[in-house]
Amino acid sequence: MAGLKSILEKDIVSTNAPQLMICILIDASYSMMEDGRMRMVNDGIRAFLKSGREDIYARDSLDVCFITFGGDGPEIIQRFSNVQKVEFNDIVPHGGTPLKTAVEFAVNEIGMRRSFWRNVGVSVYHPWLIILSDGKSDEDVSGPAKAIQKMYRDHKLKGKCIGVGDGSETEDLKKLAPEGHVETMKALEITNFFSMLSRSAAAMSLSAPDAEDDSYEIRI
C-alpha cells in the first residue's frame, strides 16, 4: 500500500485540479517525411508543451499522452502524464499505417487513465483523442470506427481528425471523425493547430468539469 501511495503522489500534481486528458495519435509512416510533415508535427508538439507548462491555469490540469503508429503497430512515446513532466523527443517516421490497431490501442489507454483519475477521486473533463495522419490505413477501420462514433454520441470522448498533407487520402479518417468531418492541413499549418489546442486547453481548465455535461469542449 505504501508503494502504491508513493506512485500516486508522484503522478498527481494537484488533487484539487480537474484533469483534461488529451491523447494525440500520430502517423509515423514513411510518407510523413514528405514536405517536412513530421518536422512540423515535432515542432508543433514542442510549442504545445511549452505553452501548457507556462500557462498557470492549464499546467496542473493538462494530462497528455503521445502515441505513434508506424512499422509494426502503435507505440507509446509518452504515457499519460502532467504536461510539466513530459519529455518529448523527435518522432522518426518508419513503416506503414496501422491506423485501426492504433485507434483501438489509444482508446484503451484513455479508458484506463480515466478510470485511474476517478479511482483516486480526481474530477475529469471529457477526454480528447486527436488523430493526425497523411494517408490511408493499412487495415480496415470499420470496427473501431463504429465503436468510437458511439463514444462520441454517448459523450464519453471528444475527437478531432487532421489530414496532414494534400488531403487526398482522408476516407479512413472520415470514418473516425465526429460527423465525418476531417480538417486538412499542410505542414506549415500544423504548428498553428497546436497553438490553438494549447490556448483552448487553457481556457477549458477554467471551467467546472462535469462528465455528464456536453457543454465543456475544446473549441479548435
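The values are calculated or read from the model by the stated rules, or taken from the named source; none is laboratory data. In this text the structure is predicted, and so the values were computed from the model without any measurement. FYI the Cβ positions are ideal-geometry reconstructions off the backbone, even for glycines, and counts take in every protein chain you see.
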All conditions in (1) β-branched (V, I, T); (2) surrounded by fewer than 23 Cβ atoms within 10 Å (Cβ to Cβ); (3) out of contact with any helix residue (DSSP H, G or I) (no Cβ under 6 Å at 6 or more places or on another chain) are true of V182 except (3)
Scanning for something over 24 Å from R79 (Cβ atoms) and either crowded, with 20+ Cβ neighbours inside 10 Å or modelled with pLDDT of 95 or more (or both), does the stretch 123-134 turn up at least one residue?
yes
Among the residues of the stretch 99-129, write down those that are under 17 Å from the mean Cα position of the chain (by Cα) and not in a helix (DSSP H, G or I).
V124, Y125, H126, P127, W128, L129
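Yes/no matrix, rows are residues, columns are (1) in contact with a Ser or Thr (Cβ under 7 Å, 6 or more places away or on another chain); (2) of a type in the set (A, V, I, L, M, F, W, C); (3) within 26 Å of I148 (Cβ to Cβ); (4) at pLDDT 95 or above:
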residue	(1), (2), (3), (4)
S51	yes, no, no, no
D55	no, no, no, no
T68	no, no, yes, yes
D72	no, no, yes, no
R79	no, no, yes, yes
N89	no, no, no, no
V92	no, yes, no, no
E109	no, no, yes, yes
Could you list, ordered by first residue, the pairs with Cβ atoms under 7 Å in which the first is in the stretch 193-210 and surrounded by fewer than 17 Cβ atoms within 10 Å (Cβ to Cβ) and the second is of a type in the set (A, V, I, L, M, F, W, C), at least 6 apart or interchain?
S195/A47; M196/I220
Could you tell me whether the stretch 165-181 includes any residue that is closer than 14 Å to I26 by Cβ, touching an Asp or Glu at 6+ places or on another chain (Cβ under 6 Å) and either outside any helix (DSSP H, G or I) or of a type in the set (F, W, Y) (or both)?
yes
Checking R46 against (1) surrounded by fewer than 17 Cβ atoms within 10 Å (Cβ to Cβ); (2) touching a Ser or Thr at 6+ places or on another chain (Cβ under 6 Å); (3) closer than 24 Å to D134 by Cα: exactly one of these is not met. Which one?
(2)
